[in-house]
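Asker: Structure in structure tokens, see below.
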Amino acid sequence: MKFGIAKHVRLAVAAVFAVALFSAASLPAAAMGKIEKVTSPGGITAWLVQDRLNPIIAMQVVFVGGSIADPDGKEGLAQLTAAMMYEGAGALKSQAFQKAVEDKSIDLGFSAGSDTFSGSLKTLTKNRDMAFDLFRMAMTEPRFDAEPLSRTKTQILVNLARRARDPNAIAGQRWWSSAFPDFPYGRRTRGTPETVKAIAPDDMRGFLKSRLARDNMFIGVVGDITPDELKVLLDKTFGGLPEKAVPLDLAETPPKLDGRTEVIRRPFPQSRVIFGQAGIKRDHKDWYAAYVLNQILASGSFTSRLMKEVREKRGLVYSVGAGLNPMRYSATLVGNLGTQNARVAKSIELVRAEWKRMKDEGATKEEVEDAIRYLTGSFALSLDSTSRIASTIASVQYLGLGLDYLDNRNSFIEAVTVDDVNRVARELLTPEKLTFVVVGQPENLE
């Protein structure tokens, strides 16, 4: 889930569906070139996929710690910082910096999620040195001048006001604050008008100093560059960052969900519903079985049970689906649906029923085979650019999945059996704790 503050700036929040990042890719490494581990003389490591056919280079950098690192009273700091890093750096004020980027057709931006702070870069090979230097300046010499800061805050405040009237945003915020009342995942990642107004340039500088460090980053590079050329650029671009990030003093925290249905009355002609339960971490031994299970039960595809039972057979909803959302300190399985106010109660009843039916009866052999076939064959189609591949290999590093993961990923999914899926369904699914938040004017629902 993203929204724009300035051109090329992408402020990401914790998405309801984070499957693309946390399932990584189904594209075999051989199909996109060999992944090489490149370490610079200064000890900075990146994973590289060379593509000498096109004069383009893409880079993705992931740092540990996004909005979960926002101090109390300064919620929204990570996302405001990401926006401001495109608003001038070094000797270049906002317009001059943006002109330098745009004149060379460079795509440069930063984004903040809950657990991570990321930077992306895409450039023509002939503009490589300038592009990487602008990226370096944005990280190490951001200006945070008064005029662009005031303008950016105003844009964020307008967005916050819009979200205060958005049923999806209202439902999502309430669900997350209920699930994590005493943990940063439950806070407003974009902040509130009061917290955004309270953020000063020194707060943003402090955030960057604490999070953007050499021991805290994972770099993926794809394109027209050799390992030796990349080594030089790694030291020039990242060598000026602090050696170590400030540790995050956070512990594993399960969501606090009790199976209630909460209704937030708003004068909307339709209702939006967020629902979910505790999930499973990405490094759990049963991750792949849970991944296949979710594809069958709630993936949002037209073959999932929720879609077939709630939409196709009964026509109760416009859309319905859920996804595994493993985070650094917790995990959820979160979904949403949208429907007319008169159909909300029945829709919720059916979602609970399908949750329970899967837990009690399990999946069929045909369902498991179809899900595995889809999961091993579909994701590669989305990796159609250097930027997406760079993002994937940076994410694979962040998740600690290993240099050979893309070659082996399909075999991990293909090893899942019907017994695995049904055992995980019994252990993971908790229909009695499936918690709903409804925003609208639902009938026969209190």
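Asker: Among the residues of region 285-303, which ones are over 20 Å from Ala415 (Cβ atoms) and either surrounded by fewer than 24 Cβ atoms within 10 Å (Cβ to Cβ) or basic (Lys, Arg) (or both)?
Answerer: Gly300, Ser301, Phe302, Thr303
Asker: Still on this model: Would you be able to say whether some residue in region 134-144 is among the β-branched types (Val, Ile, Thr), closer than 26 Å to Gly239 by Cβ and not in a helix (DSSP H, G or I)? Even if it seems obvious, please write down each step before you answer.
Answerer: Our first condition is that a residue be among the β-branched types (Val, Ile, Thr); within region 134-144, this holds for 140.
Going one step further and asking which of them are closer than 26 Å to Gly239 by Cβ, we end up with 140.
Keeping just the survivors that are not in a helix (DSSP H, G or I) gives none.
No, there is no match, as no residue in region 134-144 is among the β-branched types (Val, Ile, Thr), closer than 26 Å to Gly239 by Cβ and not in a helix (DSSP H, G or I).
Asker: Taking region 145-163 as the search range and keeping residues that are aliphatic (A, V, I, L, M) and touching a residue at least 60 places away in the same chain (Cβ under 8 Å), which one is nearest to Arg174 (Cα to Cα)?
Answerer: Ile156
Asker: Name, by its number, the condition in (1) buried (at least 17 other Cβ atoms within 10 Å of the Cβ); (2) closer than 23 Å to Val62 by Cβ that does not hold for Gly402.
Answerer: Result: Gly402 fails condition (1) only.
Asker: Right, something else. Pull up region 313-341, narrow it to residues that are part of a loop (DSSP other than H, G, I, E, B) and hydrophobic (A, V, I, L, M, F, W, C), then point me to the one that is farthest from the chain's Cα centre (by Cα).
Answerer: Leu316
Asker: Which of the residues belonging to region 94-127 are touching a residue at least 12 places away in the same chain (Cβ under 8 Å) and of a type in the set (S, T, N, Q)?
Answerer: Ser94, Gln98, Ser105, Ser111, Ser114, Thr116, Ser118, Ser120, Thr123, Thr125, Asn127
Asker: Another question about this same structure. Please determine, by comparing only the residues of region 181-211 that are in contact with a Ser or Thr (Cβ under 7 Å, 6 or more places away or on another chain) and either of a type in the set (Asp, Glu) or not in a helix (DSSP H, G or I) (or both), which one is surrounded by the fewest Cβ atoms within 10 Å (Cβ to Cβ).
Answerer: Checked region 181-211; the qualifying residue surrounded by the fewest Cβ atoms within 10 Å (Cβ to Cβ) is Phe183.
Asker: Could I ask something else about it? Looking only at residues that are within 22 Å of the chain's Cα centre (by Cα) and of a type in the set (D, E, K, R) in region 240-284, which one is modelled with the lowest pLDDT?
Answerer: So the residue we want is Asp249.
Asker: Looking at the structure I just gave you, is Leu381 surrounded by fewer than 14 Cβ atoms within 10 Å (Cβ to Cβ) and among the hydrophobic types (A, V, I, L, M, F, W, C)? Give the steps one after another, and end with the answer.
Answerer: Numbers: surrounded by fewer than 14 Cβ atoms within 10 Å (Cβ to Cβ): yes; among the hydrophobic types (A, V, I, L, M, F, W, C): yes.
Considered against the rule, which asks whether it is surrounded by fewer than 14 Cβ atoms within 10 Å (Cβ to Cβ) and among the hydrophobic types (A, V, I, L, M, F, W, C), Leu381 comes out as yes.
Asker: If you don't mind, there's one more thing I want to ask. Check whether at least one residue in region 277-284 is in a strand (DSSP E or B) and farther than 29 Å from Ala415 by Cβ, and report yes or no.
Answerer: Scanning region 277-284, I find no residue that is in a strand (DSSP E or B) and farther than 29 Å from Ala415 by Cβ, so the answer is no.
Asker: Quick one: which of Phe110, Phe97, Phe132 is within 30 Å of Ser330 (Cβ to Cβ) and either of a type in the set (S, T, N, Q) or buried (at least 20 other Cβ atoms within 10 Å of the Cβ) (or both)?
Answerer: Result of the check over Phe110, Phe97, Phe132: Phe110.
Asker: Yes or no: Val221 of a type outside the set (Phe, Trp, Tyr), outside the structural domain of Gly43 (by TED's automatic domain parsing) and touching a residue at least 12 places away in the same chain (Cβ under 8 Å)?
Answerer: no
Asker: What is the number of the single condition among (1) in contact with a strand residue (DSSP E or B) (Cβ under 6 Å, 6 or more places away or on another chain); (2) outside any helix (DSSP H, G or I) that Lys74 does not meet?
Answerer: Result: Lys74 passes all but (1).
Asker: Regarding region 413-427, can at least one residue be identified that is modelled with pLDDT of 95 or more, over 19 Å from Met358 (Cβ atoms) and surrounded by fewer than 23 Cβ atoms within 10 Å (Cβ to Cβ)?
Answerer: Yes, there is a match, as at least one residue in region 413-427 is modelled with pLDDT of 95 or more, over 19 Å from Met358 (Cβ atoms) and surrounded by fewer than 23 Cβ atoms within 10 Å (Cβ to Cβ).
The values are calculated or read from the model by the stated rules, or taken from the named source; none is laboratory data. Note that the structure is predicted; figures quoted are calculated from it, not measured. Positions of Cβ are backbone-derived with ideal geometry, glycine not excepted, and every protein chain shown enters the neighbour counts.
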